[in-house]
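Shown next, in structure tokens, is the structure this report addresses.
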Amino acid sequence: MPSGATYIEAVREALHEELTVDDRVFLMGEDIGAYGGAFKVTDGFRDHFGEDRIIDTPIAEAGIIGAAIGAALTGLRPVVEIQFLDFLSCGFDQLTNFAAKCHYRWGAEIPIVVRGPGGGGVGGGPFHSQSIEMYFIKTPGIKVVAPSTPTDAKILLKAAIRDPNPVLFIEHKALYRQPALRETLPDKSVIGQLGRAAIRRPGDDLVIISYGAMVHKCIEAAEVLSQDGVRTRILDLRTLQPLDDEMVLAAVKECGKVLIAHEDTRTAGLAGELTSRINENVFEWLDAPVLRVTAADTPVPYNKELEKAFLPQVGDIVKTARELAAY
Amino acid sequence: MAHNVIMPQMGESVAEGTIVRWLKAVGESVDRDEPIFEITTDKVDAEIPAPEGGVLLEIKVDAGETVEVGTLVAVIGEAGESAPAPSAASSADAAPAPQEAAVEPAAGPAPAVAQSAAGQSAADLRRTKSTPVVRKIAQEHGIDIAQISGSGLDGRVTKKDILAFIDAGGASAAPAAVSSAPVAAASSGSGIQVGIPMSPVSLYGNDRIEPMSKMRRVISDRMIESKAYSAHVHTCFEIDYTRVDGLRRKYKSSYADRGGRLTFTTFLAKAVVNALGRHPIVNAAHDGENVIYRGDINLGIAVALDWGLIVPVIKSADDYSMLALSKHIADKGERARTKKLAPDEVSGLTFSITNPGVFGSQWGTPIIPQPSVAILGVGTIEKRPKVVTLADGTDTIAIKTCGYVTLGFDHRVIDGAVADQFVSDIKHTLENFDESAM
């Protein structure tokens, strides 16, 4: 078995370290205590940190987030687990109308983290597989993070917990236990930086911009494209709000051709926003129209074959990238 | 103390150079040996370094202008120092740069760009408008996109295409002083007297006029000159490369490990160099009166560029082992494509090899670069069925790796028998290649 930590172990390690170094940090969520969480992220935490800091809640997302905001106002640093991020819609008002606006309205910092598994590809069906990022990216006042590797999951979650703003931390459930992603995690002193993208693969013929689990499909696609002689850069956004405009625009300038790939549905997906920013700022550097590969504009199908057709696959990315390379 | 910067002599036979662009503006400080402007000449394109450090006080020749070697083009001095008063010989009052002349659209047949975009198809627009980045680069370099052949969708000019075009010296074609007048032979500015003047070319409705780039014009003049002077004869041999191909495969990776690049050209170059040593008349020059037997074997190897061609020269090529030869060929080819050749690397050839076979040509009839007296053209190398006689005397058909080579030679100097002996020598060397030379 390959050594190193999986993505879910990285999330667990980040939480454990922050709970250890900062007494203000505590966790709330459904079944996170006695049961250890639906995905077992916090297994054993209640015995180690106690019931006061690992709090089981009723099934009431608005209540959980509301309580977290109240705790944050008193100086604590709550981390809320949403069992599936699809359920965050039940807490939408607390997050978008209250947490996101406190600092603007009253100067009150709300240092809460709302974290949980998002995304599909595991046969979870329409209520347990959605990409929910755009509902929140669109709301000023919330940061949104979507790591693609165990290292990022760890160091960016630690950064999110230490950030003074409300942060939505989107873990990808399809990556949780991927053995191929195992890697040695950085030491506990390493804290990531929100708002910075990363180049996962160098190249200057075209750039594929992506995030989350889709990054790995893009890397696979880039390998295929390299056999055509197309040097493809893979840019992993890592943080979706705020976007790393500097790295995105530099990549466009250097490559001239841009493909945006995301697992979220097409209409009003992040690709639309990125394309606008590219047009506004670096139109003169474009050597082709900006193209996108996204999920279809439908709910996530339950049937595994249909879900596969719904989600962008490596072949879809390769096909569109080849069109772009030949443009 | 002000220092004069002059148009340098780039190669022995070069009389003038065109400033492609200034890399420094007046008032900017420059270090000694820091490139300050780019030039294109008959031979090479190059960046010219500052002869002294200081501040660029004055630019006397603008980008786009062509001046004689030795012309004062700029003055470098200390900050605050003023440039010497321009002398009467200064080009400051010279005619406006060609670019300026192109600002006013020429009257007459409207160029394609004047058409409204509304009536054009997406494919038409891709070809003529390309993309924002290509248009931006074209504007910066004063290039008409239409003069570049595109490799993209519907023949669109891609960013790579235009950058390659500029690298190959295409930007110097920029003057775009497109005249709508019929093209006359005299307008080529060539010093070559062919004897019969060219008739004016009538223009048809959809024609596009493109002035020749500097490189194109030089190639044109040299080719006409050679055809006019030399009594071209060509002889063609088929070579069996089966043994060479085997050696190439066997040693390719060990050469690569040592920084070499073993190709068929390496073997050909070696065989040619050996044969030239044994047939000095082929490694000669002719001035119309005398035959000049060259003391060194300087091998020119033609490199096709997207915009024309260039012939880097491997001096004293007979000094080199196969490994060194392979490195020199690869290095010069690479630097030809990236515009990094020094002027003396493209002059002084005594014999040359051209390789149209890489584009699929079976055999060609190459033109001899003056004043040398022969050139070898290499045709495509491929597997062919061949009749071979077995040890027991029976004939059978075998698969052999074969290709044609053509020697173009100047019959004023070289007789047919000598030429054929020379190519036979190359053929013999290749078909029985000495493995100990590897």
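The values are calculated or read from the model by the stated rules, or taken from the named source; none is laboratory data. Model, not experiment: these values are computed from the prediction. Ideal geometry is used to build each Cβ from the backbone, glycine not excepted, and the neighbour counts take in all protein chains shown.
Residue-by-condition table, conditions (1) assigned to a strand (DSSP E or B); (2) at pLDDT below 50; (3) not small (Gly, Ala, Ser):
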{"residue": "B:Val55", "(1), (2), (3)": "yes, no, yes"}
{"residue": "B:Ser82", "(1), (2), (3)": "no, no, no"}
{"residue": "B:Ala88", "(1), (2), (3)": "no, yes, no"}
{"residue": "B:Ala92", "(1), (2), (3)": "no, yes, no"}
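If the condition is being under 17 Å from B:Cys236 (Cβ atoms) and loosely packed, with under 11 Cβ neighbours inside 10 Å, then region B:386-418 contributes only B:Ala417. Scanning region A:151-174 for any residue that is more than 15 Å from the chain's Cα centre (by Cα), in a helix (DSSP H, G or I), touching a residue at least 60 places away in the same chain (Cβ under 8 Å) and closer than 30 Å to A:Glu307 by Cβ turns up nothing. Is it the case, given these coordinates, that B:Ala123 is within 14 Å of chain A (Cβ to nearest Cβ), surrounded by 12 or more Cβ atoms within 10 Å (Cβ to Cβ), modelled with pLDDT under 80 and outside any loop (DSSP other than H, G, I, E, B)? Criteria met by B:Ala123. If you go through region B:22-53 one residue at a time, how many are touching a residue at least 60 places away in the same chain (Cβ under 8 Å), of a type in the set (D, E, K, R) and assigned to a strand (DSSP E or B)? Within region B:22-53, residues that are touching a residue at least 60 places away in the same chain (Cβ under 8 Å), of a type in the set (D, E, K, R) and assigned to a strand (DSSP E or B) number 1.
None of B:Arg261, B:Arg216 is closer than 30 Å to B:Ile162 by Cα, assigned to a helix (DSSP H, G or I), under 22 Å from the mean Cα position of the chain (by Cα) and touching a residue at least 40 places away in the same chain (Cβ under 8 Å) except B:Arg216. Scanning for something in a loop (DSSP other than H, G, I, E, B) and farther than 24 Å from A:Ala14 by Cβ, does region A:184-202 turn up at least one residue? Yes, because at least one residue in region A:184-202 is in a loop (DSSP other than H, G, I, E, B) and farther than 24 Å from A:Ala14 by Cβ.
Name every residue in region B:130-144 that is within 14 Å of another protein chain (Cβ to nearest Cβ) and either in a loop (DSSP other than H, G, I, E, B) or buried (at least 20 other Cβ atoms within 10 Å of the Cβ) (or both), in order of residue number. B:Ser130, B:Thr131, B:Val133, B:Val134, B:Ile137, B:Ala138 - these are the residues of region B:130-144 that are within 14 Å of another protein chain (Cβ to nearest Cβ) and either in a loop (DSSP other than H, G, I, E, B) or buried (at least 20 other Cβ atoms within 10 Å of the Cβ) (or both).
Test A:Thr320 against the stated conditions and say whether it is of a type outside the set (Gly, Ala, Ser), touching a strand residue (DSSP E or B) at 6+ places or on another chain (Cβ under 6 Å) and surrounded by 15 or more Cβ atoms within 10 Å (Cβ to Cβ). Here the answer is yes, as A:Thr320 does meet what is asked. The residues of region B:380-430 that are in a strand (DSSP E or B), polar (S, T, N, Q) and free of Cβ contacts under 8 Å to residues at least 40 places away in the same chain, listed by number, are B:Thr389, B:Thr396.
Here's the yes/no breakdown for (1) closer than 27 Å to B:Arg278 by Cβ; (2) modelled with pLDDT of 95 or more:
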site	(1), (2)
B:Pro343	no, no
B:Gly360	no, no
B:Asp425	yes, yes
B:Leu430	yes, yes
B:Asp434	yes, no
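Among the residues of region A:290-300, is there at least one that is exposed (fewer than 13 other Cβ atoms within 10 Å of the Cβ), over 28 Å from B:Leu125 (Cα atoms) and modelled with pLDDT of 95 or more? First the steps, then the outcome.
The first filter runs over region A:290-300 and keeps only residues exposed (fewer than 13 other Cβ atoms within 10 Å of the Cβ), leaving A:297-298.
With the extra rule that they be over 28 Å from B:Leu125 (Cα atoms), the set shrinks to A:297-298.
When the remaining residues are screened for being modelled with pLDDT of 95 or more, the result is A:297-298.
Within region A:290-300 (the criterion being exposed (fewer than 13 other Cβ atoms within 10 Å of the Cβ), over 28 Å from B:Leu125 (Cα atoms) and modelled with pLDDT of 95 or more), the answer is yes, since at least one residue qualifies.
Which residue out of A:Asp52, A:Asp86 is of a type in the set (Asp, Glu) and either surrounded by fewer than 19 Cβ atoms within 10 Å (Cβ to Cβ) or over 24 Å from the mean Cα position of the chain (by Cα) (or both)?
A:Asp52
For region A:276-318, residues that are under 16 Å from A:Glu263 (Cβ atoms) and of a type in the set (S, T, N, Q) total 3.
Among (1) in contact with a helix residue (DSSP H, G or I) (Cβ under 8 Å, 6 or more places away or on another chain); (2) within 22 Å of B:Ser230 (Cβ to Cβ); (3) surrounded by fewer than 18 Cβ atoms within 10 Å (Cβ to Cβ), which single condition is B:Ile353 missing? Tallying (1) in contact with a helix residue (DSSP H, G or I) (Cβ under 8 Å, 6 or more places away or on another chain); (2) within 22 Å of B:Ser230 (Cβ to Cβ); (3) surrounded by fewer than 18 Cβ atoms within 10 Å (Cβ to Cβ), B:Ile353 fails exactly one: (3).
If I filter region B:321-331 for residues that are surrounded by fewer than 20 Cβ atoms within 10 Å (Cβ to Cβ), charged (D, E, K, R) and closer than 20 Å to B:Gly169 by Cα, do I get at least one hit? Yes, region B:321-331 contains a residue that is surrounded by fewer than 20 Cβ atoms within 10 Å (Cβ to Cβ), charged (D, E, K, R) and closer than 20 Å to B:Gly169 by Cα. Scanning region B:305-337 for residues that are part of a loop (DSSP other than H, G, I, E, B) and within 12 Å of the chain's Cα centre (by Cα), we see that the one that is modelled with the lowest pLDDT is B:Trp307. Within region B:145-174, the set of residues being within 12 Å of chain A (Cβ to nearest Cβ) and assigned to a loop (DSSP other than H, G, I, E, B) comprises B:Gly150, B:Ser151, B:Gly152, B:Arg156, B:Val157, B:Thr158. Taking region A:235-327 and the helices (runs of 4 or more DSSP H) fully enclosed by it, the elements with 1 or more residues that are more than 21 Å from A:Pro140 (Cα to Cα) and within 14 Å of chain B (Cβ to nearest Cβ) are at A:245-255, A:270-282, A:314-326. If you go through region B:145-160 and pick out every residue that is within 18 Å of the chain's Cα centre (by Cα) and crowded, with 22+ Cβ neighbours inside 10 Å, you end up with 1. Just one of the listed residues (A:Leu240, A:Leu249, A:Leu225) is over 30 Å from A:Leu19 (Cβ atoms), buried (at least 21 other Cβ atoms within 10 Å of the Cβ) and at pLDDT 95 or above, and it is A:Leu225.
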